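As C-alpha cells, the structure follows; a few thoughts come after it.
The values are calculated or read from the model by the stated rules, or taken from the named source; none is laboratory data. Given the structure is predicted, the values throughout are model-derived calculations rather than measurements. A quick note on method: Cβ atoms are made from the backbone with ideal geometry, for glycine too, and the neighbour counts reach across all protein chains shown. Just the protein is used for accessible areas: all its heavy atoms, side chains included, with ligands, DNA and RNA removed. Shrake-Rupley method; radii C 1.70, N 1.55, O 1.52, S 1.80 Å.
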Amino acid sequence: MKITRFASPKGVSPVIGIYPGTFDPLTSGHLDLIGRGSHLVDRLIVAVLANEAKHPLFSMEERTEMLREATAHFPNVEVDSFNGLLVQFAQARGAKLLLRGIRAVSDYEYELQMALMNRRLNPNIETVFLMAGESYSFLSSRMVKEVIRLGGDVSQMVPPNVEHRLRARLLGAAAGPE
Ligand code: PNS
C-alpha cells in the first residue's frame, strides 16, 4: 500500500519531527516506527542519545552508522546524535514534534513522565505517540541482545546490517559479507 506523506504546502514552514532513543541497537520495531513516522512530517530526524553513562553495547558512532544504513531508503529521514536535554536539541534543530512509540501498557508510565517533563521544559514542543506495529509489540533492544547471546534467531527482529554486527560483537562471528 502506498502511503502519502503529509507534506506541508508551499510557503508553510516544514514540520520537523525528532524520533529520539538509545537505539542499542536499532530493531525492526524502531524501523517500522521510523517508516510510519516519516509520513507524518516533512523531515524526521532520528536522534541517538550519545550518553555513554548507559554503557551501551555499541558506541554512538556504531549506532548512528547502523541507523543510517537501515534508513537510507527513506528520503526525508536523517540520523543525528545528541547529548543533554532532548528539548534543547529539538529546539536547535527547529523541531516542534517528538515522536515516540508505545508497545504495551508497561511503556505508558515512563512515556507519560517523559512527555510531561519535556512539555514542562518546552511547552512549544509536542510529543506524538504511535502504537508499535503488532508484530513488534514484544520487541526490545535488550531482549534481542539476550536472544542472540543464547543462540536464538533474531533475523525477524532486527535489520540484516544490525544482525551482522550483533553476531560479530556478541558471538565473535567473522565479519564476512552481510
Ligand atoms: O530508547 P530510550 O532509551 O527509551 O530513549 C530515551 C531517551 C533518549 C528518549 C531519553 O532518555 C532522553 O530524551 N534523554 C535525554 C535527556 C532528557 O532530555 N531528559 C529529560 C526528559 S526525561
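A Förster distance of 41 Å, applied to the separation of the beta-carbon atoms of residue 117 and residue 169, puts the FRET efficiency at 0.80.
Label region 105-178 by shape, choosing from rounded, prolate and oblate, from the square roots a ≥ b ≥ c of the eigenvalues of the Cα gyration tensor; if a/c is under 1.5 it is rounded, and otherwise prolate applies when a/b is larger than b/c, oblate when it is not.
Note, shape of region 105-178 comes out prolate.
Helix 105-121 and the longest principal axis of the C-alpha atoms of the chain enclose an angle of approximately 40°. For region 16-171, with all protein chains in place and a probe radius of 1.4 Å, 54% of the accessible heavy-atom surface sits on carbon or sulfur. Rounded to the nearest 20, the size of the Cβ-charge dipole of the chain about its Cα centre is 380 debye, with Lys and Arg at +1 and Asp and Glu at -1.
Could you give the length gained on full extension between residue 61 and residue 85, defined as 0.36 nm per residue of separation minus the Cα-Cα distance, in nm?
6.7 nm
Spatially close Lys pairs in the chain, defined by Cα atoms under 29 Å apart and a spacing of eight or more places or different chains, total 5.
Measuring nothing but how far apart in sequence close Cα pairs (under 8 Å, 6+ apart) lie, relative to its length, region 16-171 scores a relative contact order of 29 percent.
Ordering 116, 22, 161 by Cα displacement along the dipole of the chain toward the positive end leaves 116 in first place; charges were set at the Cβ atoms of Lys, Arg (+1) and Asp, Glu (-1). Distances over 15 Å make up what percent of all Cα-Cα pairs in region 1-93? Summing the P(r) of region 1-93 above 15 Å gives 60 percent of all pairs.
For chymotrypsin sites (Phe, Trp or Tyr not before Pro), the sites in region 1-80 that DSSP calls loop and that have at most 13 other Cβ atoms within 10 Å are 6.
Checking the a/c ratio against 1.5 first, then a/b against b/c, what shape does the Cα gyration tensor give for region 63-107? Verdict is oblate for region 63-107. Per-residue accessible area (protein heavy atoms, 1.4 Å probe) orders 73, 30 as 73, 30, starting from the largest. By its C-alpha gyration tensor, with a ≥ b ≥ c as the square roots of the eigenvalues, how is region 16-171 shaped: rounded for a/c under 1.5, else prolate for a/b larger than b/c, else oblate? Taking the square roots of the gyration eigenvalues as a ≥ b ≥ c, region 16-171 is prolate. Along the chain, the longest continuous region that contains none of the trypsin sites (Lys or Arg not before Pro) in a DSSP loop with at most 12 other C-beta atoms within 10 Å is 11-178.
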